[in-house]
1. When segment B:88-105 is examined, which residues are found to be in a helix (DSSP H, G or I) and hydrophobic (A, V, I, L, M, F, W, C)?
2. Give me a count of the residues in segment A:52-94 that are charged (D, E, K, R) and surrounded by 12 or more Cβ atoms within 10 Å (Cβ to Cβ).
3. Quick one: is A:Lys27 open to solvent by less than 50 Å² (accessible area, probe 1.4 Å), under 30 Å from B:Glu87 (Cα atoms) and among the basic types (Lys, Arg)?
4. Can you give me the number of residues within segment A:30-51 that are more than 12 Å from A:Leu63 (Cα to Cα), within 14 Å of chain B (Cβ to nearest Cβ) and either buried (at least 21 other Cβ atoms within 10 Å of the Cβ) or among the small types (Gly, Ala, Ser) (or both)?
5. Go through segment B:1-24 and give me each residue that's more than 8 Å from chain A (Cβ to nearest Cβ), at pLDDT below 90 and open to solvent by 20 Å² or more (accessible area, probe 1.4 Å).
6. If you scan segment A:99-111, which residues turn out to be within 7 Å of another protein chain (Cβ to nearest Cβ) and open to solvent by 30 Å² or more (accessible area, probe 1.4 Å)?
There are 2 protein chains.
Amino acid sequence: MKDFRHQNRLYYSPVEFAMNYIGGTWKMPILVALREGPVRYGDLKKSISHITDKMLITQLRDLEEKNMVTRKAYAEKPPRVDYALTERAKQALSVIDALHAYGAFLMKEEEITL
Amino acid sequence: MKDFRHQNRLYYSPVEFAMNYIGGTWKMPILVALREGPVRYGDLKKSISHITDKMLITQLRDLEEKNMVTRKAYAEKPPRVDYALTERAKQALSVIDALHAYGAFLMKEEEITL
């Protein structure tokens, strides 16, 4: 597999490139929280346990730059902002589901019950 | 989704738990390199570009502790050690393939050609 550069960063494989878009603690929970359609910022924050405003805003900005989510502001009082998945991000949902299923399989193997 | 603890570490989701087994730069390339059956240490090292002995040994030990690979030493001169996937690890290959396919999709979207 040949290495390649993108935006000044070196990648060794397509897997590593994919993880740049969905990896880390918060990106997958955010993408899953948007799976049913546009969600207001406040509702998004409530739906992801443990995430701070600072972390959610940073991750949403990164996801927006990576064309994984769109941000829509409504001229309302109080201001309203919705976030939604792009087509590119919707393609990630099946991968995230596969990871979720594998995690559940490993939890069973390790006899972890919730 | 309820949090849960395993070996003194807190997890927020099964996805996070799965990434503990296959995440990071080197675990997935190692698992993929073992996909066709047992491989000798030296051949494994050669088949994964950029990996150092120190990194490969550390990752193999971690994967062994997580029951993802088995290590078999042969009483030969020079000594010979083979590594192989466990059943648990073989279940990860389809997830890694899905990540690889998503990464290739994103590379096409970003017009990255090798």
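1. Within segment B:88-105, B:Ala89, B:Leu93, B:Val95, B:Ile96, B:Ala98, B:Leu99, B:Ala101, B:Ala104, B:Phe105 qualify.
2. Qualifying residue count, segment A:52-94: 9.
3. yes
4. 3
5. B:Arg5, B:Gln7, B:Asn8, B:Arg9, B:Leu10
6. Within segment A:99-111, A:His100, A:Ala104, A:Phe105, A:Glu109, A:Glu110 meet the criteria.
Per-residue answers, yes or no, for (1) farther than 30 Å from B:Arg5 by Cα; (2) among the basic types (Lys, Arg):
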| position | (1), (2) |
| --- | --- |
| A:Trp26 | no, no |
| A:Ile30 | no, no |
| A:Met55 | no, no |
| A:Arg61 | yes, yes |
| A:Ala75 | yes, no |
| A:Ser94 | no, no |
| A:His100 | no, no |
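The values are calculated or read from the model by the stated rules, or taken from the named source; none is laboratory data. Remember, it's a predicted structure, so these values are computed and weren't measured experimentally. Cβ: placed from backbone, ideal geometry, glycine included. Neighbour counts: every protein chain shown. In case anyone asks, the SASA skips ligands and DNA or RNA and just uses the protein heavy atoms, side chains included. Shrake-Rupley method; radii C 1.70, N 1.55, O 1.52, S 1.80 Å.
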